[in-house]
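These notes are about the structure you will find just below.
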Amino acid sequence: MDNNHKTINMPEQKMRKIQDETINWTEEITKAQNSYKFQPELTAKLDNQKEDFTHVTLLEIVLWKTNRYPEIKDDIVEQINILRNNYSEETAKDVLRKLLSLKGFDLPMASTVLRFAVPMHLQIIDKRVYRFINEDVNEFRIPYKNEDKVQLYFSYIAKLKEVCTQKNIPFEKADRILYQLDKNLNSEIPIKY
């Protein structure tokens, strides 16, 4: 045994099983039913699905099971459509802030929404592309604060536009082309997570 490590003997706790007759099952079942709170809005929607299933229904079920279903309100969809029809960096920053405040949205996901909304102006921020276009950076670290994420993203977009101009890369395809370039040229160097 290694002298640097101590073994702590914890008393073994017996797992409770459905066969245990010492448990008041009526009370426990009621408690369990009342305390179940997993994705309540989507759970209720799926539980009450009366129409035929669609592709959207199946996607919702997958997102429910993987606990990846974001709760998106109509106002954010409306703001994304306003951005699509009348791009401005200030509006884009506002939309990004709102996306970052949603459950399930960090910078890579939020930037993906923005990229598909306005590909001529914004692209996906990605670990591969980020390390590929930044000379002194080998890994991509997402800041904790949302305002720092917004600043990082728009600095990244400025750098991306600069690289696209220098290398004659169509900006609206930059995320895909640069991702694949890094993958092709640096496949032996793992991405740090």
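Couple of notes before you dig in:
- For Lys17, the lysines whose Cα comes closer than 20 Å to its Cα, not counting residues fewer than 8 places off in the same chain, are Lys31.
- DSSP-assigned coil residues among trypsin sites (Lys or Arg not before Pro) in region 112-177, each with at most 13 further Cβ atoms within 10 Å: Arg141, Lys145
- Region 80-146: Rg to Rh, with Rh as the Kirkwood radius over Cα pairs: 0.99
- Across the chain, C-alpha contacts under 8 Å between residues 6 or more apart give a mean separation that, scaled by the residue count, equals a relative contact order of 14 percent.
- At most 13 other Cβ within 10 Å, DSSP loop - trypsin sites (Lys or Arg not before Pro), region 5-51: Lys6, Lys14, Arg16, Lys17, Lys37, Lys50
- Magnitude of the charge dipole for the chain, about its Cα centre and with charges confined to Cβ atoms of Lys, Arg (+1) and Asp, Glu (-1), is about 380 debye.
- Sequence-distant lysines (8 or more away, or on other chains) whose Cα lies within less than 16 Å of Lys37: Lys45, Lys65, Lys103
- Between 0 and 90°, nearest 10: helix 55-65 axis offset from the chain longest Cα axis: 60
- Net length gained if the chain between Asn48 and Lys159 were fully extended (0.36 nm per residue, minus Cα distance): 35.2 nm
- Of the GluC sites (Glu not before Pro) in region 1-82, those whose Cβ has at most 12 other Cβ within 10 Å and which sit in DSSP loop: Glu12, Glu21, Glu51, Glu71
- Between Val137, Val113, Val150, the Gaussian network model of the chain with springs among Cα atoms under 10 angstrom shows the greatest mean-square fluctuation at Val137.
- Taking Cα atoms only, the orientation of helix 174-185 departs from the longest principal axis of the chain by about 80 degrees.
- Ellipsoid fit via the Cα gyration tensor, region 42-91: semi-axes of 30, 12, 10 Å, each the root of five times an eigenvalue, largest first.
- Eigen-decomposition of the gyration tensor built on the alpha-carbon atoms of the chain gives equivalent ellipsoid semi-axes of 42, 28, 15 angstrom, largest listed first.
- Virtual spin-label span in nm between Ile142 and Thr57, 7 Å along Cα→Cβ: 3.2
- From phi via Karplus (6.51, -1.76, 1.60), per-residue ³J(HN,Hα) for region 139-155 in Hz, x at Gly/Pro: 8, 10, 10, 8, x, 7, 7, 4, 5, 5, 5, 4, 4, 4, 4, 6, 5
- The share of alpha-carbon pairs in region 17-120 lying farther apart than 23 Å comes to 49%.
- Straight-distance crosslink candidates among lysines, where the alpha carbon sits under 16 Å from Lys98 and sequence neighbours closer than 8 are dropped: Lys73, Lys145, Lys149
- Sum of -39500 (n - 2.57) over DSSP H runs of 4+, divided by residues of the chain (222 nm, nearest 500): -17000 deg cm²/dmol
- Share of pairwise Cα separations in region 88-190, more than 17 Å, in percent: 49
- Cβ-Cβ FRET estimate between Asp74 and Glu188, R0 fixed at 35 Å, reported to 0.05: 0.15
Just so you know, all these numbers are worked out from the coordinates, no wet-lab data involved. Since this is a predicted model, take the numbers as computed values, not measurements. No Cβ is skipped: glycine too gets one built from the backbone with ideal geometry, and neighbour counts run over all protein chains shown.
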